[in-house]
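Here's the structure we're looking at; comments come further down.
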Amino acid sequence: MRYFLETDKIGLKKLEQLEVTQEYVDWLNDEVVTQTLVAGKLPTGLEDIATYVAGANKPGTITFAIYRKDTAKHIGNVKLDHIDWISRKADFGILLGDKDSWGKGFGFDATKTVIDY
């Protein structure tokens, strides 16, 4: 798989319809995964995710799918929203939905990589 940004542990690529899976839906319907997110407050289905993904890379927003390089598995997303390229400011968001990937540094790598970008 080709990544736009990467580290030794993770690869980031544009979030696309390829990532619209039941596993993604399950992340957003898991109150533990979404406890600190705006998303996940209402039941979510495949159509909801497909609609979100279709608009995830609109002007002023960049949304990346996070992949573990050791398993080539989609484990979450990271985004910059309301980007002001001149002032170098943006809102940052991250979803690490795959609980098996928690506590292993993948979120840290994704955060640092996107902020450096």
| note | HN-Hα couplings for segment 25-35 via Karplus (6.51, -1.76, 1.60; θ = phi - 60°), in whole Hz with x for Gly/Pro, come out as 4, 4, 4, 6, 9, 9, 5, 6, 5, 9, 4
| remark: Which residues qualify? For GLY97, with a placed amide H closer than 5 Å and at least 5 residues away or on another chain, they are GLY76, ASN77
| request: Return, for the Cα atoms of segment 59-114, the radius of gyration and Dmax in Å, separated by a comma. | output: 12.3, 38
| task | Only one of the values (i) 1.08; (ii) 1.03; (iii) 0.94 was calculated from this structure for Rg/Rh (Cα atoms, Kirkwood Rh); name its label. | result | (iii)
| Under 5 Å between amide H atoms, partner at least 5 residues away or on a different chain: which partners does ILE10 have, H built in plane at 1.01 Å? | LYS69
| Taking the Cβ-Cβ separation of GLU23 and ASP84 as r and a Förster radius of 41 Å, what is the calculated FRET efficiency to the nearest 0.05? | 0.75
| Over segment 1-105, relative contact order from alpha-carbon pairs under 8 Å, at least 6 apart, % | 25 percent
| said: Over 22 Å between Cα atoms: which of LYS58/LYS79; LYS58/LYS104; LYS79/LYS112; LYS41/LYS73; LYS9/LYS58 fall into that group? | reply: LYS58/LYS104; LYS41/LYS73; LYS9/LYS58
| task | Using the Karplus curve 6.51 cos²θ - 1.76 cosθ + 1.60 with θ = phi - 60°, work out ³J(HN,Hα) for each residue of segment 87-98 in order, rounded to whole Hz, and write x for Gly and Pro. | result | 7, 6, 10, 6, 8, 10, x, 9, 10, 10, x, 7
| field | Point-to-point label distance, PHE108-ALA39, nm (Cα→Cβ direction, 7 Å offset) | value | 2.4 nm
| If the cut-off is a Cα-Cα distance under 15 Å, which aspartates and glutamates reach LYS69, setting aside same-chain residues fewer than 8 apart in sequence? | GLU6, ASP8, ASP98, ASP100, ASP109
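Values quoted throughout were computed directly from the atomic coordinates according to the rules given, and no laboratory measurement underlies them. Predicted model, so just to flag it, every value in this text is computed and none were measured. Every residue, glycine as well, gets a Cβ built from its backbone with ideal geometry; the counts of neighbours run over all protein chains shown.
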